[in-house]
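The values are calculated or read from the model by the stated rules, or taken from the named source; none is laboratory data. Worth saying up front: this structure is predicted, and the values here are computed from it rather than measured. Cβ atoms come from the backbone with ideal geometry, glycine included; neighbour counts cover every protein chain shown.
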Amino acid sequence: MRQRTMLVNALRAHMAEFGIVTRVGLPQIKELLAVIADKDDHRLPPDARACLESLGRQFLSVHEEICAADRRLHAWHRSDPVSQRLATIPGVGPVTASALAASIADPSVFKSGREMAAWIGLVPRQNSTGGKQRLGKISKQGDQYLRWLLVAGAMTVIRHARRRGTANQPWLDDVMARRPTKVAAVALANKMARMAWALLRHGGAYRQPVITASL
C-alpha cells in the first residue's frame, strides 16, 4: 500500500506540472490514467506520456496485487471463527481481526488484557519518582502493525461517535471530552486490545453493554 501511495503521488505531481489536476482520492486516479491513455490529448508531450504510461502500468500492477491479497484475506476471515468473533468488536474489521488471530495463536501467554496491550505497545510508559506515578507516551515497542491497525480502527469509532453520539458508550464520551482526539484514539485502541484478549482467551463475541436509566 505504501508503494501504491508513492506511485499515486508521483503521478499526481508529474501531471500537475502540465496543469492536469484531479480531486484527491484513489478513485480519481482513473481520470489521470484516462488522460495518459488518450493520444489525442496534446497537453502531454510524447516523451512525458511514455514515462507516465510506465508509472501507470506500475500503479495498476500494484493495485491489482493489493486487491488480490485483500480478496484472499477476506476469504480467510470468513473461514476462521476466531477472526469472525474478533470482528464483532467495534472498530475491528476483517483486516485487524485476521491480523490479531494470526499473530496471537496462544492468548494464554498473556496473563491479562493489559499485558497483551503492552506487548502491542499501547500502554504508556511509567515514570515513578518520589512516590508519584507519571504516565508518559506509549512505548511503541510492540507490534507496530497491530498497533497501527487498532489505532486506525479507534479513530474510525471516534469519528462515527462525533457524528452519531455516544449514547451507549459513556466511557468513550468521557475520554473524548477530556483528551485530544489522538490521545483518545490510543486509549480506545488499548481498550480494544483488552477486549480482543478476553475474546481470544475465553471465547464468545463482543456484546454492547446495556446502559440502564437511573431513577
Going through segment 150-206 in order, the residues found to be without any contact (Cβ under 8 Å) to a residue 60 or more places away in the chain, over 27 Å from Ser108 (Cβ atoms), crowded, with 18+ Cβ neighbours inside 10 Å and hydrophobic (A, V, I, L, M, F, W, C) are Met155, Ile158, Ala161, Leu172, Val175, Met176, Ala184, Ala185
Gly91 fails exactly one of (1) in contact with a Cys (Cβ under 9 Å, 6 or more places away or on another chain); (2) on the phi > 0 side of the Ramachandran plot, namely (1)
In segment 111-130, residues that are at pLDDT below 90 and of a type in the set (Val, Ile, Thr) total 2
Filtering segment 2-46 for residues that are under 23 Å from the mean Cα position of the chain (by Cα) and surrounded by 10 or more Cβ atoms within 10 Å (Cβ to Cβ) leaves a count of 10
Restricting segment 146-174 to residues that are aliphatic (A, V, I, L, M) and at pLDDT below 85, the one farthest from Ala118 (Cα to Cα) turns out to be Ala167
Within segment 52-75, residues being under 21 Å from Met192 (Cβ atoms) and without any contact (Cβ under 8 Å) to a residue 24 or more places away in the chain number 1
For segment 133-145, check the following and say yes or no: at least one residue is at pLDDT 70 or above, assigned by TED's automatic domain parsing to the domain that holds Ile89 and either assigned to a helix (DSSP H, G or I) or at positive phi (or both). yes
